[in-house]
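Heads up: the structure comes next, in structure tokens.
The values are calculated or read from the model by the stated rules, or taken from the named source; none is laboratory data. The structure displayed is predicted, hence computed values, not measured ones. Here Cβ is always computed from backbone atoms with ideal geometry, including for glycine, and neighbour counts include all displayed protein chains.
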Amino acid sequence: MPLILIPTPIGNLGDITLRALEELKNADLIACEDTRRSGLLLNHYGIKKPLMSYQKFNEQSRVDELLARLEKGERVAVISDAGTPGMSDPGEVALKAAIDAGFPVDVLPGATAFVPAVLLSGLVPQPFSFIGFLPDAKGERVTALEKLKDHPFTAVFYLSPHKAAKQMEDFLEVLGDRPCALVREISKMYQEARRGTLASVLASLDDGVKGELVLVVAPAQPDEALDDDAWQAEALEKRAQGEPVKKIAEELAARYAVPKNRVKSWLLAEKNG
């Protein structure tokens, strides 16, 4: 029987899918980060199933037990406290082990924080790179940010509320004062998106910040001259291939961090010229 990774609500309990509830009802065992927290969700929907603690501190040691349950023909569900297991939450180790052992696996679509955050940020939504949590140690965190300094896509990070200010100081120092949005408490009563630059958003944290945090950061801004040469050549090539102006503008705006309207205007001027 399969190992199934099931997303759970990140805020509003109504965000769970009907299929997720059905799979949870059919599971022989539910592995979860916090049995008490997951118990509240399951009780809300009238689901009573055996629970196993499965979190980052015992993830590796639990794998053999989970595989043994699968070997007996049981259906094993894996959930996290909120969101999709395996994405910055426990789940990846069990999933890979089940695949390597030849058991059927499945991952259900459902709640996750970074997709709503990218759209709520107002920044270019695609392409984007999901980075997740950076290292806790400042030196390692700065090294990771240095590698992302020239990254050409919108980048998405998870922050811990009690470390957000110190971490954002590193973002500002390494990446410069570029556009960003700090989105917090997604799908909850106090959902909020603080949009601005890294400096202005950091200044808003003087009184502290609470809740689950997602930081969305604009891509690196390339040199203006190189930017024009690169995107204009690609724009002409795509136009010659018959791609519509709107699509070209969206693609190049994401890749080169150039405003879409600028691309459109330039293409139309080239056409009329």
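Please specify each residue of the stretch 15-38 satisfying the condition of being of a type in the set (Asp, Glu), modelled with pLDDT under 95 and assigned to a helix (DSSP H, G or I).
Step one: of the stretch 15-38, the residues of a type in the set (Asp, Glu) are 15, 22-23, 28, 33-34.
Right, trim to modelled with pLDDT under 95 and you get 15, 33-34.
Within the stretch 15-38, Asp15 is the sole residue that qualifies.
Looking at the stretch 160-184 only, could you name the residues that are of a type in the set (D, E, K, R), assigned to a helix (DSSP H, G or I) and over 16 Å from Gly208 (Cα atoms)?
Initial filter on the stretch 160-184 (of a type in the set (D, E, K, R)): 163, 166, 169-170, 173, 177-178, 184.
With assigned to a helix (DSSP H, G or I) added as a condition, the list becomes 163, 166, 169-170, 173.
Matches in the stretch 160-184: Asp170, Glu173.
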Filtering the stretch 197-212 down to residues that are over 21 Å from Arg178 (Cα atoms) and either touching a strand residue (DSSP E or B) at 6+ places or on another chain (Cβ under 7 Å) or buried (at least 20 other Cβ atoms within 10 Å of the Cβ) (or both) yields Gly211, Glu212
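Answer yes or no as to whether Val183 is closer than 13 Å to Ala220 by Cα and of a type in the set (Val, Ile, Thr). Before you say what the answer is, go through the steps one by one.
Details: closer than 13 Å to Ala220 by Cα: no; of a type in the set (Val, Ile, Thr): yes.
It is false that Val183 is closer than 13 Å to Ala220 by Cα and of a type in the set (Val, Ile, Thr).
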Note on the stretch 182-196: residues of a type in the set (A, V, I, L, M, F, W, C), closer than 15 Å to Tyr158 by Cα and surrounded by fewer than 21 Cβ atoms within 10 Å (Cβ to Cβ) are Ala193
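If I ask for residues that are among the acidic types (Asp, Glu) and in a loop (DSSP other than H, G, I, E, B), which ones from the stretch 186-245 would you list?
Step one: of the stretch 186-245, the residues among the acidic types (Asp, Glu) are 192, 206-207, 212, 223-224, 227-229, 234, 237, 243.
Matches in the stretch 186-245: Asp206, Asp207, Glu212, Asp223, Glu243.
Can you tell me which residues in the stretch 43-69 are in a helix (DSSP H, G or I) and farther than 25 Å from Gly14 by Cβ? Before you say what the answer is, go through the steps one by one.
Of the residues in the stretch 43-69, the ones in a helix (DSSP H, G or I) are 43-44, 59-69.
Those that are in a helix (DSSP H, G or I) and farther than 25 Å from Gly14 by Cβ: Glu59, Gln60, Ser61, Arg62, Val63, Asp64, Glu65, Leu66, Leu67, Ala68, Arg69.
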Ala253 fails exactly one of (1) modelled with pLDDT under 85; (2) outside any helix (DSSP H, G or I), namely (2)
